[in-house]
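Take a look at the structure set out below.
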Amino acid sequence: MTRFLSLAHLTAIDLPPPELIDAAARAGFDAVGLRLIRVTETSPGYPLMQDTRMMRATKDALQHTGLTVNDIEFVKIQPETDVESLSAFLDAGAELGAREVICAPYDPDLSRLADTLAALSERAAARGLGVSLEFFPWTPVPDLGSAYRVVRRAGPDIAILVDALHFDRSASTLDQLHDIPADRLRVAHLCDAPVLSSYSTDDLLHTAREARLPPGAGQIDLPGLLRVLPQDLPLGIEVPMARSAPVANVDSRLSSLINATRRLLRAIPASGAN
């Protein structure tokens, strides 16, 4: 079975959406994820909902490459998050034909977090979008078990995004993942990294944002993870390139990433997981 491979925007975050789409198509990806909301002060976001010229260029790139938008990001759910203020962001996702909205849990009140997710999911669904919550070891939802409890409370339509790096560096297990219903899993992020005995928060953040490795180049049990994840789950390849890397190296880097991913997938026998 051929996996559906998407290029996560963080992999080449300095490329605006039209250029990212063109580069992803040249490398052989099926889709892209687009970061429409800025996450940190040191990395860009591309608010297409406020930039009609770039939105038009992005849609043109999708049309001439045949790629699709798998997901839009990145909604940091905080105590003060106003879901109504995200309407233009959701409208942009719908205009792009995106499938999923990726959210991050930064509200320590998990009941309120679940309520916000539910409200966001309702508005997203009205536009044909799903909502997935990604867990991070440094947040109030640090692992798979915590994420599953939150999304169950939020409602039946919210899914969990499993990122290989965060899964490996949290108190998450393959047995837990096996027990997650398949309809709660709609996208995963794939990368690799060294595996250590412990990590500081600085270690976690640095690796997540700047020091991931191509699939198969580290020590994470990616074969085990992929055997348990649903076989038809879209995989977002998220391996940030060095910010100092010349733009001319983008094509070779993306080709290397997708080739490494395909080698890994070919080496894993198909299973009936989930």
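Every read-out reported here was derived from the displayed coordinates using simple, explicitly stated rules and does not represent laboratory data. Nothing here was measured: the structure is a model prediction, and the numbers come from that model. Here the Cβ is made from the backbone with ideal geometry for all residues, glycine too, and neighbour counts use every protein chain on show.
A few remarks follow.
- Flag for A114 being touching a strand residue (DSSP E or B) at 6+ places or on another chain (Cβ under 6 Å), farther than 22 Å from T11 by Cβ and in contact (Cβ under 8 Å) with a residue 24 or more places away in the chain: no
- For segment 113-153, a residue qualifies if it is assigned to a loop (DSSP other than H, G, I, E, B) and farther than 15 Å from E100 by Cα, and the qualifying residues are F135, F136, P137, W138, T139, P140, V141, P142, D143.
- Hits in segment 134-147 - residues which are over 18 Å from R209 (Cα atoms) and in contact with a helix residue (DSSP H, G or I) (Cβ under 7 Å, 6 or more places away or on another chain): P140, V141, L144, G145
- Taking first residues from segment 138-150 that are among the acidic types (D, E) and partners that are surrounded by fewer than 19 Cβ atoms within 10 Å (Cβ to Cβ) and assigned to a helix (DSSP H, G or I), the Cβ contacts under 9 Å between residues at least 6 apart in sequence or on separate chains come to D143/Q176.
Residues are listed down the side, and each one gets a yes or a no for (1) surrounded by fewer than 19 Cβ atoms within 10 Å (Cβ to Cβ); (2) more than 20 Å from L233 (Cα to Cα); (3) among the aliphatic types (A, V, I, L, M):
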residue	(1), (2), (3)
L5	no, no, yes
V32	no, no, yes
D51	yes, yes, no
E73	no, no, no
L90	no, yes, yes
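- Near pairs, Cβ below 6 angstrom, 6+ apart or cross-chain, from segment 71-93 (under 17 Å from P105 (Cβ atoms)) to any residue that is assigned to a strand (DSSP E or B) and of a type in the set (G, A, S): D71/G33; K76/A104
- Restricting the first member to segment 155-176 and to residues that are without any contact (Cβ under 8 Å) to a residue 40 or more places away in the chain, and the second to residues that are in a loop (DSSP other than H, G, I, E, B), the beta-carbon pairs closer than 6 Å and six or more apart or on different chains are R169/P137; R169/Y199; S170/P137; S170/P142; S170/D143; A171/D143; S172/D143.
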